[in-house]
Amino acid sequence: MFYDTFAKRKRTGLGNFLIEKTFEKLAKIAAKDSPVKILEIGVGRGVFYEQLKKEIPQMDYTGIEASVPLFEAAKSKNINVIKCFIPPFPSLEENSFDLIVMSHVLEHFRDYKEVLDVLSGVNNLLKQNGKFLLFYPCAKDWGKDFFDCDYSHSYITTKNRVDSLLADSGFQVIKRDSYRACFNNFKCFFLLFSKIINCLAFFNIKMRVTFKKNLLTIAQKNELK
């Protein structure tokens, strides 16, 4: 079963806390424009959904999840979720979503052609001036752990690569940031902290990647000309 190992992976109390705090921050950013109709590609454990629900209680949410165990877990929480791999997208109304969210999904696609296909689908589903929130690992910072931590990491994600893909898919980047765990401040300190952890051999890979850099990019669907 695809991603069965991820679904069964145990997290520490610290890991759960940092993940919840990260998605809490991202949900607050996502809620600034008061989106109502939201699509999340890659529901995972449903943590982002839970934080979005706190910020936008009235939201009309749809999720997409490819993993059977993660899909079943989401359904058990009464999350409106569709089980499928993308591309292609399931039957959804075009030009109808205020916000589409994709957190730690982009790196799982096969190549740039598949990524462009997905971004074209996202563009078609968004309303005019709708927002696309992308959160993804910086492969330059993760190094070999980018591939070692997850067998399905196939597409190398960096700021410049993602910016170019978005521009060629009809998007304009309106916000960028970077995070280490849930921290997007004191960046020099957490960079040093990450390097120290990376040098200490007794830390396992889950601990090493906890403080690797993740990138936030928010893009807007370009106006028609």
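With 0.36 nm allotted per residue and the present C-alpha distance subtracted, the Ser120-Asn80 stretch has 12.1 nm of extension available. Here the stretch 186-225 is treated as an ellipsoid with the same Cα gyration tensor; its semi-axes, largest first and in whole Å, are 35, 12, 5.
Straight-line cross-link partners of Lys206 among the aspartates and glutamates, defined as a Cα under 14 Å from its Cα and at least 8 positions apart when in the same chain: Asp145, Asp148, Asp150. The stretch between Cys188 and Glu93 holds 29.8 nm of extra length on full extension. This uses 0.36 nm per residue minus the Cα-Cα distance. Roughly how far apart, in whole Å, are the Cα centres of the stretch 173-209 and the stretch 59-127? That distance is 27 Å.
Counting charges near Lys195 (Lys, Arg +1; Asp, Glu -1) among other residues having Cβ under 13 Å from its Cβ returns a value of +3. The modelled label-to-label distance for the pair Lys140/Arg176, using points 7 Å beyond Cα in the direction of Cβ, is 0.9 nm. For Asp168 and Asp148, a Förster radius of 25 Å and the Cβ-Cβ distance give a FRET efficiency of 0.25, rounded to the nearest 0.05. Each peptide in 129-139, 161-171, 64-74 gets a packing score, the mean of other Cβ atoms within 10 Å over its residues, and the list from highest to lowest is 129-139, 64-74, 161-171.
Computed on the chain, with alpha-carbon pairs under 8 angstrom and 6+ residues apart, the relative contact order is 20 percent.
Computed from the coordinates by the stated procedures, all read-outs in this text should not be read as laboratory data. Remember, predicted model here, so these are calculated numbers, not experimental data. Note: ideal-geometry Cβ built from the backbone for every residue, glycine included; neighbour counts use all protein chains shown.
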